[in-house]
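K.L.:
Okay, here's the structure, questions in a sec.
The values are calculated or read from the model by the stated rules, or taken from the named source; none is laboratory data. Here the structure is a predicted model, which is why all the values come from computation and not from measurement. Don't worry about glycine lacking a Cβ; one is built from the backbone with ideal geometry, like all the others, and counts go over all protein chains shown.
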Amino acid sequence: MVNKTQLLRRLLVLGCLLLLCVGLAGGQLIQLQLINGESYVRRSASFLTTTSTVSAARGEILDRYGRAMVTNQTGFSLVLIYSSFWEDKEDRFEVLLDLANRVKADGQASTSGDTTDGEDDTQTDTDTTEQTSGAVLNDVMPITDTAPYEYIGAEGDAERKALSDYIKQSADTLGLQAVKDAKTAASTANEENPQYDADGNAIDQVSQIDATTLVSASEFVSAMRTYMEQNLGMQTGLSDADARTLIGLYYSMRRVGFNNNATFTLADNVSMDLIAYIKEHHQQYTGVDVQSEAIRKYDTTYAAHVLGTVGPMFTEEWSGTKNGGPYESKTGYTMNDTIGKSGLEAALESYLHGTAGSRTVETDLGGDSITDHANSYAPQPGDNVITTIDLELQEVAEKSLANYLSDYQRGGAAVALDPDTGEVLVMASYPTYNLENYNKDYDKISSDSRFPELNRATLGLYPPGSTFKVLTAIAALEEGIIDANTTYTCEGKFEYGGVTFLCNNHDQPMTLDVTQAIKYSCNVFFYNVGQQLTGAHLENWCDKFGLGNVTGVEIAEYAGQAAGPTERAANRKKDPLLREWQGGDDVNAAIGQSDNLFTPLQLANYMAAVVNGGTLHQPTLVKSIKTYDYSDVVEEDQPEVIGTIEFSDATRDLVMKGMNEVTAEGGTAATTFADYPIKVGGKTGSAEMTERKDGVEINYTNGLFVAFAPFDDPEIVICVVGEGAGHGSAVAPIVRDILDAYFAEEEPDTVESVQSENTMVP
């Protein structure tokens, strides 16, 4: 037990220690508050706390077997801060031009070693040297870079329409009298001569004006240059090229709504050399921020139309309904975000986008980081998409389209489906483009008269030609117009209403039943059938097989139209000059002409329903969606039946027998498939087309082939369209190439064994 003397001694020591601590603390407080207080106040004022958005990596996109199609790589962008770069910077145009020229030089340095070796100049072959896109200046104004200036792209396409709207909004400010007069006239017409759409809604005739047809690109650039010199402080005496650069960037800033609430991404994918230069000369580049970002990395040069493009968000997307907007009301988006613009990138934006993070950093005046705050949080990458596409088949299809269609100088498409599920194995459109170089090659792509950006598989509308005769046969058999024993004699022509309809599909008169008529693609047989069946019944059967209706596939598509009196009456409301439906239209519609316009996807899906016995599936490009680390399934596709077509086994047997004969000796596709080791069924088609170009009427014939294999147990259905190919037999080799690859292919490991590199951007 401790005695009292020892206890007192210990307490005394403890008390002395406490007094010493208090004294030291008090001395420190005096030092901080009284002696050096003012110094520390000044120092604290020199600290800068900034909070920035940390981009989330978009989800990856893979093929059905887990082969990478689109992934991510970390890159850097140059971002302009409105308050410090634009609002408070008198020399903003000088600095902006300097930056733009450095970005252009950076991009050229990165791509100087690019080479292309493809069959077509809009697509890079897989055997080419690996390409790096380099720095990309975010100039979205669809006008050529050099004088004499021209608009880029076709009238009415998205970017040109956006420019047209801008010109209309700015017409008074820019003094564009022709546009002002057109707006006045259209406003008057809205009141005095209103127009209505098919649903009876009034059409705003001002919105219908395409200002780019009223003002030349050179006139617009000149007006913008004058305005910016006189009102915005842009320097005078610039070269045409430099003025065009600044005008394009200013226009692009307006598109994204550059203001105190939104930054402007001047350039993406900038090199470390350029970043280092800007950091070294940071005093010159106040208001220019370097941000890390997840840049889309394209692991394939194929399937561009399926995958789609991404790009910066514009005001019409942030606050309007374009491309899935308004995004201002959606969680996880900022005005400076990158979003999907087309294809699966747009269709699955809500899955792919991810959720941005936040980082709060305290720095001194020199820009050195002092501390990261605890309220920073990491971004959440987007979900990964496993598509139904077989990338190897896709490659074969695109190469084959280019090989067989390039001589026709037009375009075409190929679609392959699983008839039992509706899964899309191939969706190819020709000509195509390379997503890796999309921004760099945009001017070239947009000015190509063959429209490489158009996904002809879902947005190309074609008369089906004789591929339609299978449907006509089914309808006629089920309606009791014909049976297995019905025959018609073809002597090469059919007279109706004073008009002669021709058949050139066999060399001598023939008496044919329905299976023989399919084999030889006899027009006269189906003219007789169509006369009795009528367009009204054909419309009904088209609807059953999904022809003239959207399929429901995830990406953008057109519905097209099925020929018949109902469709003609609807079209006459829009164009009263169209004649009413007549008997001759019944005849012509039965062979796939008249008003019939379908997409290749619709034709493939219709044939899938024929060969599987009447089940119409909703085509899909998505097999499953998984979390960013592939640990959980977010959504898994199941075959979706959108219709069941009732027709007898006897009817199916007859049309199947006919399609069996198409590829046999004497059939319209025998040259390609008579000796093929796997039995193939199908139907060829030719469709006459007319277009006007530069005031001249041009006639040409499309070739179509819808096929399936193996005949006895179909696993794959293929539709190929070749614009200007002349006959279905001309595109049959494309189908053979796809089938060769399909039946030779060994199934690779599935996606479950794949580990993602979908990392968060720090």
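K.L.:
So residue 687 passes all but one of these: (1) under 16 Å from residue 717 (Cα atoms); (2) surrounded by 17 or more Cβ atoms within 10 Å (Cβ to Cβ). Which condition number does it fail?
P.N.:
Unmet for residue 687, out of (1) under 16 Å from residue 717 (Cα atoms); (2) surrounded by 17 or more Cβ atoms within 10 Å (Cβ to Cβ): (1).
K.L.:
Among the residues of the stretch 298-315, write down those that are surrounded by 18 or more Cβ atoms within 10 Å (Cβ to Cβ) and more than 28 Å from residue 83 (Cβ to Cβ).
P.N.:
If the condition is that a residue be surrounded by 18 or more Cβ atoms within 10 Å (Cβ to Cβ) and more than 28 Å from residue 83 (Cβ to Cβ), then 298, 300, 301, 302, 303, 304, 305, 306, 307, 308, 309 are the ones that fit.
K.L.:
Can I ask one more? Could you give me the residue pairs with C-beta distances under 7 Å whose first residue belongs to the stretch 220-231 and is farther than 11 Å from residue 173 by Cα, whose second residue is surrounded by fewer than 16 Cβ atoms within 10 Å (Cβ to Cβ) and not aliphatic (A, V, I, L, M) wherever it lies, and which are 6+ apart or on separate chains?
P.N.:
Correct list of pairs: 229/236.
K.L.:
Okay, moving on. Please go through (1) free of Cβ contacts under 8 Å to residues at least 40 places away in the same chain; (2) in a loop (DSSP other than H, G, I, E, B); (3) of a type in the set (D, E, K, R) for residue 450 and return the number of the only condition it doesn't satisfy.
P.N.:
Looking at each condition in turn, residue 450 falls short on (1).
K.L.:
Out of 472, 515, I need the residue that is touching a residue at least 40 places away in the same chain (Cβ under 8 Å), touching a helix residue (DSSP H, G or I) at 6+ places or on another chain (Cβ under 6 Å) and closer than 15 Å to residue 586 by Cα. Which one?
P.N.:
The unique qualifying residue is 472.
K.L.:
What's the number of the only condition in (1) touching a helix residue (DSSP H, G or I) at 6+ places or on another chain (Cβ under 6 Å); (2) within 26 Å of residue 664 (Cβ to Cβ); (3) in a strand (DSSP E or B) that residue 501 fails to meet?
P.N.:
Residue 501 satisfies every listed condition except (2).
K.L.:
While we're on this one: Scan the stretch 502-524 and give yes if some residue there is out of contact with any strand residue (DSSP E or B) (no Cβ under 7 Å at 6 or more places or on another chain), among the aliphatic types (A, V, I, L, M) and surrounded by 16 or more Cβ atoms within 10 Å (Cβ to Cβ), otherwise no.
P.N.:
So far as the stretch 502-524 goes, yes, one or more of its residues are out of contact with any strand residue (DSSP E or B) (no Cβ under 7 Å at 6 or more places or on another chain), among the aliphatic types (A, V, I, L, M) and surrounded by 16 or more Cβ atoms within 10 Å (Cβ to Cβ).
K.L.:
Grab the strands (runs of 3 or more DSSP E) fully contained in the stretch 662-749, keeping just those with 2 or more residues being without any contact (Cβ under 8 Å) to a residue 24 or more places away in the chain and either touching a helix residue (DSSP H, G or I) at 6+ places or on another chain (Cβ under 7 Å) or within 18 Å of residue 450 (Cβ to Cβ) (or both).
P.N.:
In the stretch 662-749, 681-693, 696-709 are the strands (runs of 3 or more DSSP E) which contain 2 or more residues that are without any contact (Cβ under 8 Å) to a residue 24 or more places away in the chain and either touching a helix residue (DSSP H, G or I) at 6+ places or on another chain (Cβ under 7 Å) or within 18 Å of residue 450 (Cβ to Cβ) (or both).
K.L.:
Hey, another quick one. Do the conditions hold for residue 429, that is, is it surrounded by fewer than 18 Cβ atoms within 10 Å (Cβ to Cβ), in contact (Cβ under 8 Å) with a residue 40 or more places away in the chain and either out of contact with any Cys (no Cβ under 9 Å at 6 or more places or on another chain) or of a type outside the set (Lys, Arg) (or both)?
P.N.:
no
K.L.:
Let me ask something else about it. Give, as residue ranges, the helices (runs of 4 or more DSSP H) completely inside the stretch 564-642 that count at least 2 residues that are modelled with pLDDT under 95.
P.N.:
It comes to 565-574, 583-589.
K.L.:
Suppose we filter 584, 552 for residues that are of a type in the set (Gly, Ala, Ser) and on the phi > 0 side of the Ramachandran plot; which single one remains?
P.N.:
After applying the criteria, what remains is 552.
K.L.:
Which residue out of 196, 227, 250 is surrounded by fewer than 19 Cβ atoms within 10 Å (Cβ to Cβ) and at pLDDT 95 or above?
P.N.:
227
K.L.:
Just to be sure, is residue 221 of a type in the set (Val, Ile, Thr), in contact with a strand residue (DSSP E or B) (Cβ under 9 Å, 6 or more places away or on another chain) and assigned to a loop (DSSP other than H, G, I, E, B)?
P.N.:
no
K.L.:
Among the residues of the stretch 338-354, is any in contact with a strand residue (DSSP E or B) (Cβ under 6 Å, 6 or more places away or on another chain), in a strand (DSSP E or B) and either at pLDDT 90 or above or buried (at least 19 other Cβ atoms within 10 Å of the Cβ) (or both)?
P.N.:
yes
K.L.:
Further question: Which pairs have Cβ atoms under 8 Å, sit 6 or more apart or on different chains, and link a residue in the stretch 393-420 that is under 30 Å from residue 644 (Cβ atoms) and in a helix (DSSP H, G or I) to one that is at pLDDT below 95 and of a type in the set (D, E, K, R)?
P.N.:
If the second residue must be at pLDDT below 95 and of a type in the set (D, E, K, R), the pairs left are 393/745.
K.L.:
Give the residue, chosen from 410, 450, that is touching a Pro at 6+ places or on another chain (Cβ under 7 Å) and of a type in the set (D, E, K, R).
P.N.:
Just one listed residue meets the conditions, 450.
K.L.:
Testing residue 671 on (1) within 27 Å of the chain's Cα centre (by Cα); (2) farther than 19 Å from residue 469 by Cβ, one condition comes back false. Which one is that?
P.N.:
Of everything listed in (1) within 27 Å of the chain's Cα centre (by Cα); (2) farther than 19 Å from residue 469 by Cβ, residue 671 misses just condition (1).
K.L.:
Among all residue pairs at least 6 apart or on different chains, which show Cβ distances below 7 Å where the first residue, located in the stretch 568-587, is exposed (fewer than 12 other Cβ atoms within 10 Å of the Cβ) and the second is outside any helix (DSSP H, G or I) and modelled with pLDDT of 90 or more?
P.N.:
If the second residue must be outside any helix (DSSP H, G or I) and modelled with pLDDT of 90 or more, no pairs are left.
K.L.:
Another question, if that's okay. Within the stretch 316-327, restricting attention to residues that are surrounded by fewer than 18 Cβ atoms within 10 Å (Cβ to Cβ) and not charged (D, E, K, R), which residue is farthest from the chain's Cα centre (by Cα)?
P.N.:
The qualifying residue farthest from the chain's Cα centre (by Cα) is 319.
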